[in-house]
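The values are calculated or read from the model by the stated rules, or taken from the named source; none is laboratory data. Worth saying up front: this structure is predicted, and the values here are computed from it rather than measured. Note that each Cβ is placed from the backbone with ideal geometry, even for glycine, and that neighbours are counted across all protein chains shown.
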Amino acid sequence: MPGAAGEDSVPEKAPAPSEGPELLEWLRRYVRLRWLADVVLLAGTLAGRLILGQAFPLYPLCALTVVIALYNLMFSLWERRLTALPPTLLLGRGRRFAFAQVIADLCALTLVLHYLGGVETPFFLFYLFHVGFGSIMLSRQDAYKVAALAIGLFGLLVVAEFLGWLPHVHLAGFVPAGLYRERAYVAAVLASFALTILVSTAGVTAIVGELRRQWEEQAQAREREIEAAGRRLAELDRMRDFFLMLASHDLKTPLAVVSNYLQTILDGFVGEVSERQRRWMERANARVLELIRLIDDFLDVAQLDLERIRDEMEEVAPGDVVKRSVEEVRPRAEEREITLRVELASRLPRVRAAPRRLQQVVTNLLDNAIKFSPRYGEVVIRVHPQDGGVQVEVIDGGPGIPALYMPHIFEDYFRVRRKEFVPGAGLGLSTARKIVECHGGEIQVESPYFADGKGSRFYFTLPGCVSESDDGNG
């Protein structure tokens, strides 16, 4: 039906992104109201004959209710298919669907009015409902087509009964007999009906057009605000990355030199060092190394890039990565006299990962566990198959994480408030989360883990490759 949906005709305006879903909601309401109208028509027909004693043609009206129910069932199935359409197609096809419904209803209403008295029945005002729905759901051009069709159908019915082409059904007791043949009455009804339909269509389409214009302006304003905010965020991210890279580089280089000098003294290359001097220099070197690790965290945040990580991915044995991480943190564990227990399954799937980044995740989790475990405690790292991939767990016996902080534990720069000072910038866990998600995995935390209300269990999963090994190295 050319032009029925506004797709084949020249559009008045580019549709707003929200018009498609909004139209779909109106179509659902229209289908539901038709079920109600069909029930009311059947009940009214029976009540008119049984209670009011009107000789409504029972069989034709009942047949019409069946026809309306059947095509409404078809429209209901059609409406469900529309929900699966992409937004680019939803508006055009939805308007075609709306136009088909309005045409079917106007034709059905004209037949119903014929059996309810034609021009003598006040129910011809029901045309206004369909014209109103058409003005809301359709374009302005199609809304006037609906109005013209309503005027044409009702005019054809009235003229056909007036000329005797159709038998007239008189409503005895409501209006005088033969009123449908009174020229003045028929002309007045038709003129007032046409004027009412046209004025209603003009008013509703004007209101709907203004509302759509306001919605479009608001949507465009929101889009401009989002674009401006995106540009500001991009600029802030660029400035932050530049600042982090510059500051971290300028800080890390002299600190690394200081650490090397201290280590050179501790190794005895510049002469004997007393036990008291060694103790103080070891503490100083430990703090310098903490600062270097902190700067490395900032650098990781600045350099973390999904595409870069994907470029580094290869088939990796998770057991090897875990062993390297354990060796990296072992000196810090020994300093706090914490036992590291490694539990590797005998057969582990290999994973596709960036080895350096995966090791960084495991090291961050182990370092975090060592940092919060009590002296002489134990940290367990467990690696086992999980859903065709690998799950890595790090369990500590620390004080646990309060429930208040659990939703934020993987956010950037977030740190749990504690009485004792624990060095760090709150980037280790957030960096681990980003890396794991870049690998298609998921990282979670369970705390408290033990029955006494203490301990935490951090674990993440990675999808596995096809091959397996027999030595726990993946």
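Quick notes
- Qualifying residue in the stretch 174-186 (condition: under 26 Å from Phe129 (Cα atoms) and acidic (Asp, Glu)): no
So that you can scan it fast, the table gives a plain yes or no per residue for (1) outside any helix (DSSP H, G or I); (2) surrounded by fewer than 21 Cβ atoms within 10 Å (Cβ to Cβ):
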residue: Glu328; (1), (2): no, yes
residue: Arg341; (1), (2): yes, yes
residue: Arg347; (1), (2): yes, yes
residue: Leu365; (1), (2): no, no
residue: Ala369; (1), (2): no, no
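Rundown of residues vs (1) hydrophobic (A, V, I, L, M, F, W, C); (2) touching a Gly at 6+ places or on another chain (Cβ under 8 Å), yes/no style:
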site: Gly319; (1), (2): no, yes
site: Ala333; (1), (2): yes, no
site: Leu348; (1), (2): yes, yes
site: Val351; (1), (2): yes, yes
site: Pro355; (1), (2): no, no
site: Leu358; (1), (2): yes, no
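- For the stretch 173-195, a residue qualifies if it is over 60 Å from the mean Cα position of the chain (by Cα), surrounded by 13 or more Cβ atoms within 10 Å (Cβ to Cβ) and not basic (Lys, Arg), and the qualifying residues are Leu179, Glu182.
- Test: residue in the stretch 135-145 that is over 23 Å from Ala104 (Cα atoms) and in a helix (DSSP H, G or I): no
Yes or no, residue by residue, for (1) in contact (Cβ under 8 Å) with a residue 40 or more places away in the chain; (2) surrounded by 15 or more Cβ atoms within 10 Å (Cβ to Cβ):
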| residue | (1), (2) |
| --- | --- |
| Thr45 | no, yes |
| Leu82 | yes, yes |
| Thr110 | yes, yes |
| Glu120 | yes, yes |
| Gly132 | yes, yes |
| Gly152 | no, no |
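- When the residues of the stretch 358-375 are filtered to those that are over 32 Å from the mean Cα position of the chain (by Cα) and of a type in the set (A, V, I, L, M, F, W, C), the one that is nearest to Glu437 (Cα to Cα) is Leu366.
- For Val169, the test of being among the aliphatic types (A, V, I, L, M) and within 24 Å of Cys62 (Cβ to Cβ) is passed.
- Taken over the stretch 115-139, the criterion of being over 11 Å from Ala98 (Cα atoms) and not hydrophobic (A, V, I, L, M, F, W, C) is satisfied by Tyr115, Gly117, Gly118, Glu120, Thr121, Pro122, Tyr127, Gly132.
- Residues that are in a helix (DSSP H, G or I), acidic (Asp, Glu) and within 20 Å of His114 (Cβ to Cβ) occur at least once in the stretch 155-165.
- Matching residues in the stretch 240-268 - criterion: being assigned to a helix (DSSP H, G or I) and over 20 Å from Leu294 (Cα atoms): Thr264, Ile265, Leu266
- Some residue of the stretch 395-414 being under 22 Å from Leu462 (Cβ atoms) and at pLDDT 90 or above: yes
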